[in-house]
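Notes follow the structure.
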Amino acid sequence: MPKKQKKVADETEVAAFWTEVMRGHLAADERPPGVKDQLKATEFLGKHLGMFKESKEMPGQIEFAGDEDIAD
């Protein structure tokens, strides 16, 4: 008897699926994923792994010329 599958995929299973699609792998009875699907899977996987985070923090204090006339 086959092992009962979970109803909801966990994080690892989802990441593994995106990786398979990204690499163009497929099940025997399916057509290979197209380039659009591969790119989208790459985007999802990259976001999941934190590869595209932009840092908006700027160290230190920024001073603008002429700001001495501005009240705090």
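Odds and ends about this structure:
- Candidates in segment 32-67 are the residues that are among the basic types (K, R) and assigned to a loop (DSSP other than H, G, I, E, B); of these, the one that is modelled with the lowest pLDDT is K56.
- Filtered by the rule that a residue be touching a helix residue (DSSP H, G or I) at 6+ places or on another chain (Cβ under 9 Å) and modelled with pLDDT of 85 or more, segment 21-31 gives V21, M22, R23, G24, H25.
The values are calculated or read from the model by the stated rules, or taken from the named source; none is laboratory data. Everything quoted here is computed from the prediction, not taken from an experiment. Cβ coordinates were reconstructed from backbone atoms using ideal geometry, including for glycine residues, and neighbour counts include every protein chain displayed.
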